[in-house]
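Let me begin by presenting the structure, written as structure tokens, before commenting on it.
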Amino acid sequence: MQLSKLLYQGVFWRGISLASVFILNLVISRVLGAEAFGELFLLINFLSLALLVSSLSLESALGYYTARQQLSVKTAAYFSIGWSAIATALIVVFMLLTDNQFLPGRDFLWLCVLYLSGNLLVSFFSALFTARQSYIIPNVWIALVNLGLCALLLFGIDELIFFIGFFASFFLQGAGMAIAWLLNFKNDVAREDKAPSFKTIMRYSLLVFVSNLIFFLVYRVDYWFVNYFIESNAALGNYIQVSKLVQIFFIIPSILAATVFSYTAAGNQELMKERIQQLSRIIFMVVLMACGALAITGKWLFPFLFGNSFSGMYIPFLCLIPGIIAIATLYPYTAFYAGTDKVKHNITGALLALIIILIGDVLLIPVAGIAGAAAVSSAGYITYEWYILWQFKKAFRLKVSDSFFIKREDYNLVARYFKS
């Protein structure tokens, strides 16, 4: 399929599912308030780290070799389901052995099991659907589940039913995607004679895992620093809400990156490298305009959207704007390096960012609070971006400025997208 058509489909269908995530977050924020929101998503932060460690980023390898049609549908599916079950069991054992110190009571353990197993399935099968350039089924299903949960919240259900529905929704998403994958591609044929060995899969996955682990810490280690130094659930809730709001700016870049990865992994490296800087320029233009709009309106808009308890979001958001732009424009490059099996560049850049964030958080959060945490994150993100751009320039002899300054053909590409 033509690259431009794939990009259009990816943006549209993935945009629908991520819009449903934003709506759900909006409803949860207004129902729970900043303090309860901070407590819930601090737990989610721990569970997300457990997910990343237990998955070992194997979904990336499965997606890579599925895109190259070297893994059959059943092999990829059964491996994904089996690994998800084993990983969930190992996390539960770990939680029990550590006396459940990270959870709000043993009664919540089975809810965490639903969250963990569901998200593992979602990660694996999202990667598989993307590898086969199929965007409609997984994204529509995720949107339907999220909007169903929003409806429950708006009907005024009690807190216990909400928590059950919230954690169970992830399992519902993952199980539905697994079934849809097996049904939709049951007649698909792969070149099993060229199937990678388990050792090859693990080698690829572990490189991506190291990169993802470092990048996870780059994104979220500041949650724990804010919680430790400030000891205010309301401040933590405001900061986490800013971080979640920032994810909206990464919706289009992440969608484009997923398409870049699958297209590059399928053997189109030469064609793709010509498009990387164009995608980066378009992302830069769109994100800069969106950040500018929120910089003007955010002081009153954030409390209006999320509730008065989130009035502390505005200053941290302003401090994060340079970092938002840096990370957003970085997505096509990191996807290209992942698709060409050069993840080492992503790892090095993320590691540099993490070092800056760790040192900066210790020094600035006790003094400047959540605004200091945001400023430090921006510094780390910018460092990551410039390292990757330097590597790309060195490899392909291209101008760094071409990643930012808009050209006429960029406007034409965007115009064709909206026209289509």
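The values are calculated or read from the model by the stated rules, or taken from the named source; none is laboratory data. It should be emphasised that the depicted structure is a prediction, and the values quoted were computed from it without experimental measurement. Counting neighbours? That spans all protein chains shown, and the Cβs are built from the backbone with ideal geometry, glycine included.
The table below lists the values:
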item: Hits in the stretch 66-90 (condition: assigned to a helix (DSSP H, G or I), modelled with pLDDT under 85, over 21 Å from the mean Cα position of the chain (by Cα) and hydroxyl-bearing (Ser, Thr, Tyr)); result: THR75
item: The stretch 91-107 - residue that is outside any loop (DSSP other than H, G, I, E, B) and surrounded by fewer than 17 Cβ atoms within 10 Å (Cβ to Cβ) and, of those, modelled with the highest pLDDT; result: VAL93
item: Test set (1) at pLDDT below 90; (2) within 19 Å of the chain's Cα centre (by Cα) - ASP341 fails condition number; result: (2)
item: Complete set of residues in the stretch 134-183 that are in contact with a Pro (Cβ under 8 Å, 6 or more places away or on another chain) and of a type outside the set (Gly, Ala, Ser); result: MET177
item: Residues of the stretch 221-232 satisfying the condition of being farther than 25 Å from ALA350 by Cβ and crowded, with 19+ Cβ neighbours inside 10 Å; result: none
item: Output for the stretch 1-49, where each listed residue is at pLDDT below 80 and not hydrophobic (A, V, I, L, M, F, W, C); result: GLN2, SER4, LYS5, TYR8, GLN9, GLY10, ARG14, GLY15
item: Residue in the stretch 131-138 that is surrounded by fewer than 22 Cβ atoms within 10 Å (Cβ to Cβ), in contact (Cβ under 8 Å) with a residue 60 or more places away in the chain and in a helix (DSSP H, G or I) present; result: yes
